[in-house]
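Okay, structure first, notes after.
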Amino acid sequence: MIDGASLDGTVRAAAFAFLDRLEAVHGEDLPRRELARGFEFEGTRVPLLGPQGIFKPAILPEVPLSITTAPRVEGKPRPYEDEILGGGRIVYRYRGTDPRHRDNVGLRRAMERRTPLVYFFGLMPGWYAAERPIFIVGEDPSRLAFLVQLGMPGVLGRRGEDSGERVNEGRREYYTTLALQRVHQRSFRRRVLAAYRETCAVCRLRHRELLDAAHIIRDTEPRGDPVVRNGLSLCKLHHAAFDRNLLGVRPDLVVELREDLLREEDGPMLIHGLQGFQGRKIRVPRSPRKRPDPDRLEERYEEFRRAV
């Protein structure tokens with residue numbers, strides 16, 4: 001008979017290994033159906049997440065296996081948006097308002113025992129990123145929240161940071177912020193490509209591996225929100241041209257190329273890959289709610305005009 005602590009550690013290690021196998025098949029964006037189905041451990045099915053944000057499969061004695069941030073639904077804020085504090089920690093809200101709720105008690109035990117968990121971040125409905133290991137490192141009852149640390153407390157995290165070196169708070173915050181930026185960017189890409197039916201808005205290329213979600217207003221600027229109406233689905237070539245203001249999109253959705261680019265003579269790629277789209281309309285999502293925001297397009301087009 002395996003004791004509770006040994007069972008917990010063995011199941012948790014099996015869950016992490018299962019996620020590694022899923023990522024080998026699907027890449028870093030994981031389908032929810034596979035996560036909810038989970039894996040089999042000694043004849044018992046072990047799902048990795050459930051309908052609630054704090055999830056403990058029945059096989060684990062006391063401590064949850066994962067916490068989840070639900071996917072963004074376009075036009076609606078998440079009930080609990082991630083918040084990054086000093087030191088690179090994430091605020092994760094209680095289940096409900098009762099600190100004694102069994103899910104909150106479970107996370108408190110995870111904090112006391114320094115138990116590793118998985119953080120599932122919803123990229124879009126049906127698709128999740130899995131950051132691991134994460135640790136509960138504090139609690140703020142006044143905000144009805146726990147403090148979550150991505151990666152090992154005091155050391156660098158999972159992806160290429162296995163040196164075991166101690167790190168200062170600034171460096172730890174950098175890596176945590178980087179991890180969150182990565183999942184937010186993947187969420188934005190998923191939602192934009194889905195809205196454009198995985199097609200380049202300019203050239204109609206349909207290979208998802210060659211498509212990006214381009215920000216109309218850059219994400220470093222005040223109106224650069226990661227919403228579909230601030231995005232364009234573009235192939236790698238047209239994304240690079242758009243970012244560098246070689247290619248612009250007017251508010252009426254017509255493509256313009258920089259004058260010097262139109263005058264150049266540089267072989268078939270330039271002719272067919274860029275010059276041939278001068279004056280053509282881009283393809284946009286069927287739903288008006290997901291089409292490019294005209295005000296953002298106009299603001300970005302003015303930047304393009306200044307660069308001409």
If I filter region 93-108 for residues that are charged (D, E, K, R), modelled with pLDDT of 75 or more, assigned to a strand (DSSP E or B) and closer than 22 Å to L60 by Cβ, do I get at least one hit?
yes
For R186, are the conditions met, namely being among the basic types (K, R), within 30 Å of V118 (Cβ to Cβ) and in a helix (DSSP H, G or I)?
yes
Which number in (1) under 17 Å from the mean Cα position of the chain (by Cα); (2) buried (at least 21 other Cβ atoms within 10 Å of the Cβ); (3) over 23 Å from R258 (Cα atoms) marks the one condition that Y196 misses?
(1)
Leading residue by the ranking (surrounded by the most Cβ atoms within 10 Å (Cβ to Cβ)) among those in region 14-31 that are of a type in the set (G, A, S) and modelled with pLDDT of 95 or more
A15
Within region 204-217, which residues are in a loop (DSSP other than H, G, I, E, B), under 14 Å from D295 (Cα atoms) and of a type outside the set (A, V, I, L, M, F, W, C)?
none
Do we find a residue being within 25 Å of Q185 (Cα to Cα), at pLDDT below 95 and not in a loop (DSSP other than H, G, I, E, B) anywhere in region 150-168?
yes
Can you pull out every residue in region 33-57 that is in contact (Cβ under 8 Å) with a residue 24 or more places away in the chain, within 13 Å of F120 (Cα to Cα) and surrounded by 18 or more Cβ atoms within 10 Å (Cβ to Cβ)?
L35, L48, L49, G53, I54
Quick check, is A201 in contact with a Lys or Arg (Cβ under 6 Å, 6 or more places away or on another chain), under 12 Å from R283 (Cα atoms) and either touching a residue at least 40 places away in the same chain (Cβ under 8 Å) or not in a loop (DSSP other than H, G, I, E, B) (or both)?
yes
Here are the criteria: (1) more than 23 Å from the chain's Cα centre (by Cα); (2) part of a loop (DSSP other than H, G, I, E, B); (3) polar (S, T, N, Q). Tell me which single one S6 does not satisfy.
(2)
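The values are calculated or read from the model by the stated rules, or taken from the named source; none is laboratory data. Remember, it's a predicted structure, so these values are computed and weren't measured experimentally. Positions of Cβ are generated from backbone atoms using ideal geometry, with glycine treated the same way; all protein chains shown enter the neighbour counts.
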